[in-house]
Amino acid sequence: MARFRLPRPSVPLWVRLGVPIVLIIALAIGLISFLNYYNYEKTYKQLNVSRIIVVARDLRQAIETGLNVGLAPLNNTQLGKDLSIARDHTEGLRFAVVIDESANRLVEVGETTPEQDWKQRLGATGGEAYWLGEGARTYQIGMPYRNSFGVTVGAVVLGYDKASIDRAASAMRLTLVGDWLKAVALLSLMALAGMWWITRRLEHDLTEADAAIGTALSQAPTHELRLPVLGDEIERGIPAFVAQSRAAAAALAATASGGRE
């Protein structure tokens, strides 16, 4: 009968059960970490947008105040000072530019690349209060300003440092990866230890039952079984199965012998 029996797995039961649980734990914590990182990055960018919008509104108000008294941005000597103060006192602000409706630069503080799509952005704003853009080194906010007739005649564009925001997001990403590794390692050890504790008696009973069933077609004595985890029914059923198997084998052997005679 031994040749009909499947070989027992060499890997312990607690490992076979524990590894899938560990993988599920790792995936679950990984998903939570990814969502936390996504929310952090989104919130951090929104906070920076809100911070720069406050500065842009103050500058827009200064521009529109000058327009209301007939002072164009190009002739507003105070406007350049306001832009310089905004750049110097706003963390991460790289440049501040005032443009007209054709995206010509009227007043500029800081450094920015000449190739920009501000004209298209300004034309596509419609009723929007501002637009969000991005350059090679900066994230940008453009806020249109209007004359006393309510006509959009230009915009103030602020560019703030992209590298500092990306560094903050990268630092958080590394922190979350480190926390994920620590959590997975700790919970994996606990899960494997728990599986070993839970299955150690079950595996003992399965080993005893397998050894008893293996004697079904042999003359080896079957020792008394104690299978508290598998239960009394299986504990009584295995010896009965062994006895019936031996009786059936003896009957087949007798029939075969009678046939040969």
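The values are calculated or read from the model by the stated rules, or taken from the named source; none is laboratory data. Quick caveat: nothing in here was measured; it's all calculated off a predicted structure. Cβ: placed from backbone, ideal geometry, glycine included. Neighbour counts: every protein chain shown.
Listed conditions (1) under 30 Å from LEU192 (Cα atoms); (2) loosely packed, with under 15 Cβ neighbours inside 10 Å are all met by GLY70, apart from (1).
Of all residues in the range 53-97, those that are part of a helix (DSSP H, G or I) and more than 42 Å from the chain's Cα centre (by Cα) total 16. Scanning the range 77-95 for residues that are surrounded by 16 or more Cβ atoms within 10 Å (Cβ to Cβ), out of contact with any Asp or Glu (no Cβ under 9 Å at 6 or more places or on another chain) and in contact (Cβ under 8 Å) with a residue 24 or more places away in the chain yields LEU79, THR90. For beta carbons closer than 8 Å, sequence separation of 6+ or different chains, a first residue in the range 30-51 that is over 13 Å from SER170 (Cα atoms) and a second that is among the small types (Gly, Ala, Ser) and surrounded by 11 or more Cβ atoms within 10 Å (Cβ to Cβ), the qualifying pairs are ASN48/GLY92. Of all residues in the range 98-123, those that are within 11 Å of VAL156 (Cβ to Cβ) and under 35 Å from the mean Cα position of the chain (by Cα) total 1. Checked against the criteria, GLU41 counts as modelled with pLDDT under 95 and part of a helix (DSSP H, G or I).
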